[in-house]
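Below is one structure; the comments refer to it alone.
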Amino acid sequence: MNRFPDLLRYVKQLLLNNRWGGQTLISLYISLISGILLAIQYDAHSPYYSTATIELIAPFGRFWRALHYYSSQAFFLLLLGHIVVVLWKKEEMLPRASWIRLCASFPIAVLLLFTGYVLRGDATGEAAGLIAENICLSIPVVGTWLNDLLFDITESGVRKVYLHHLIGFVALGAFSLWPHLRRYPAFWRNHSVLVLAILAISVFLKTPMEPERFGLLHIAGPWFFLGLQELLRYLSTFVAGVIAPCIPVVLLFFLPQKTEKRQWAYIFLALWLIAYCILTWISYQRI
Amino acid sequence: MSGKTLPHSSAKSRRALLKRLFGWSVSGALLALLYPFFRFTRYQPKPKPRYVTVPGPLPLSGYRQEKDFILFANQKGTHAVSRTCTHLGCRVNYLEDKEYIECPCHQSRFSQSGERLAGPAERNLPIYKVEVQNNDNGKAQAYVVELV
Ligand code: HEM
Ligand code: FES
């Protein structure tokens, strides 16, 4: 009668042995390629208009847009899986400086994904951009400067966001991942199933787009920011928008070397994740 | 190379000193670069005041929602309210049936005159000046809203 534990063990082995890292990288490559292609038609002066043109008019625009969107989502989810499995396996940790450089790729990935939504320029993207700008402005001392550097939507539209999505964050990400990628390259031939799956999803699924329309009384942010959107209702902008999301990043950066201390860090990470899931669920109920 | 002419240890320590000096000057130069970096990235060209003309008269409902403001013109007077939510900047909407303004992001509410009623926003919505241009019969022909 020990079927169930067997199954659990089997699933666990499956998860642990999956090539998360390679899959993450391959979806990133697809995202980069399709992103460059989209940029040929995209125009940062009229974000919504050009996204709609790509989606509705440009030949195969719908497919390329979907490919960029779904490969980016796959990249982010696989990266999460990759990080969880690496922490779970308790593989030997890098020296602190290298570790922080590597882990910086995670917040950079979030920013890349997020700025993508802003570029879409629909109701969701526009609101998300404005909220990001105001969160940035809530940071004491360096807030305005950081906003001028990163978002500045009110003054510059998506111009700066576009720049960072295409070059700034990509370059930062490349820097952060460089030593890691030299050690662990990924080969397309090992990941044909993933590539086919992403291609199929992009052919068959529609990419979300929320036109600005009369009576749009609830705008939901990107799915990974729903929890943040909910928290912003209750707490001050700085606490909800900066401190709260920085907690897991700081924990990850300064993950203790010693096993028993590291256990505590894991517990806090897990608690944070659970709280975030609950907030996301509450926020989702409002849609 | 100078190991023969100088006692070994003093040459070594001089090299170390030079190395340290060089290191410090590189750090100093990088630090000094921060200033032009901040000045450049923080520069903002001055925004021009914008005038938006709304053709009159308004529909019977007495309001008109534009991209950046909501214009109200009724017996009580004429004014324009900003559509930028004072919480985190989303674009607010006027709900005609409920007679208040609501934000789609976290549902902050404001009165017609922009006063905050409920929700996470703390400040009132800004009000813009409106100039009414009447025609010969004294009917409003156009509203010019000054956005600042
Ligand atoms: C890891 C890298 C990247 C991620 C995670 C990412 C993510 C995203 C996401 C989520 C969107 C929104 C798509 C939509 O809703 O339509 C987007 C849009 C866009 N991305 Fe990327 N992107 C990445 C890299 C790039 C690169 C390298 C480029 C170009 C060189 C690029 C160009 C664009 C353009 C032009 C759009 C707007 C077009 C549209 O929305 O239809 N992206 N990106
Ligand atoms: S942005 Fe309007 S309520 Fe939060």
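The values are calculated or read from the model by the stated rules, or taken from the named source; none is laboratory data. Computed from a predicted structure; not experimentally measured. A quick note on method: Cβ atoms are made from the backbone with ideal geometry, for glycine too, and the neighbour counts reach across all protein chains shown. Accessible surface areas use protein heavy atoms only, side chains included; no ligands, DNA or RNA. Shrake-Rupley method; radii C 1.70, N 1.55, O 1.52, S 1.80 Å.
For A:K206, the aspartates and glutamates whose Cα falls under 16 Å of its own Cα, not counting residues fewer than eight places away in the same chain, are A:E55, A:D122. Dividing the mean sequence gap of close Cα pairs (under 8 Å, 6+ apart) by how many residues chain A holds gives a relative contact order of 22 percent. Charge dipole (Cα centre; +1 on Lys/Arg Cβ, -1 on Asp/Glu Cβ; no other charges) of the protein assembly as shown amounts to roughly 2340 debye.
Partners of A:K258 within straight-line reach, counting lysines whose Cα lies under 23 Å from its Cα and excluding those fewer than 8 residues away in the same chain: A:K89, A:K90. Taking every alpha-carbon pair under 8 Å whose residues sit at least 6 apart, region B:50-147 reaches a relative contact order of 28 percent. Of the trypsin sites (Lys or Arg not before Pro) found in region A:256-287, the ones in coil according to DSSP and having at most 16 other Cβ atoms within 10 Å of their Cβ are A:K258, A:R286. Put the Cα centre of region A:152-167 next to the Cα centre of region A:7-80 and the gap is 20 Å.
For peptide B:31-38, the mean count of partner chain Cβ atoms within 10 Å of a residue's Cβ comes to 1. Length gained on full extension, B:D136 to B:K12, computed as 0.36 nm times the residue gap minus the Cα-Cα distance: 35.2 nm. Mean silhouette area of chain B, derived from the convex hull of its C-alpha atoms and averaged over all directions, reads 15.8 nm². Surface composition of the protein assembly as shown: carbon plus sulfur atoms hold 66% of the accessible area, using a 1.4 angstrom probe and ignoring ligands, DNA and RNA.
For region A:191-287, chymotrypsin sites (Phe, Trp or Tyr not before Pro) are listed when DSSP marks them as loop and at most 10 other Cβ atoms sit within 10 Å of their Cβ; the list is A:F214. Association of chains B and A removes close to 2000 square angstrom of accessible area from solvent, both sides included, for a probe radius of 1.4 Å. The residues of region A:148-181 listed by number as losing at least 20 Å² of accessible area in the complex, against the isolated chain and with a 1.4 Å probe, are A:D148, A:L149, A:E155. Compactness of region A:221-287, taken as the C-alpha radius of gyration over 2.2 N^0.38 Å, stands at 1.23. Across peptide B:104-114, the mean count of Cβ atoms from other chains lying within 10 Å of each residue's own Cβ comes to 3.
Take A:46-52, A:58-64, B:36-42 and order them by the average number of nearby Cβ atoms within 10 Å per residue, most first; the result is A:46-52, A:58-64, B:36-42.
Is the C-alpha gyration tensor of region A:3-112 telling us rounded, prolate or oblate? Criteria: a/c under 1.5 is rounded; beyond that, a/b larger than b/c is prolate, otherwise oblate. Oblate is the answer for region A:3-112, as a/c is 1.5 or above yet b/c matches or exceeds a/b. Counting only alpha carbon atoms, the long axis of helix B:8-42 and the longest principal axis of chain B meet at about 10°.
Please work out the C-alpha center-to-center distance from region B:17-48 to region A:183-231 and express it in whole Å. Centre-to-centre distance over Cα atoms comes out at 39 Å. Ignoring aspartates and glutamates fewer than eight residues from B:K129 along the same chain, the ones with Cα atoms less than 12 angstrom from its Cα are B:E146. In a DSSP loop and with at most 15 other Cβ atoms within 10 Å, the GluC sites (Glu not before Pro) in region B:46-148 are B:E66, B:E96, B:E99, B:E115, B:E122. Shielding of peptide A:125-137 by partners, expressed as the average count of other chain Cβ atoms within 10 Å per residue Cβ, is 3. Charge dipole (Cα centre; +1 on Lys/Arg Cβ, -1 on Asp/Glu Cβ; no other charges) of chain B amounts to roughly 1780 debye. Which of the listed residues, A:I287, B:A29, A:S34, is farthest toward the dipole's positive end in the protein assembly as shown, when Lys, Arg count +1 and Asp, Glu count -1 at the beta-carbon? The residue sitting most towards the positive pole is B:A29. Simple rule: put +1 on each Lys or Arg Cβ and -1 on each Asp or Glu Cβ in region B:50-147, find the dipole, and look at B:Q112, B:T86, B:Q133; the Cα lying farthest toward the positive end is B:T86. Sorting the segments A:8-14, A:130-136 by their mean number of nearby beta carbons within 10 angstrom, highest to lowest, gives A:130-136, A:8-14.
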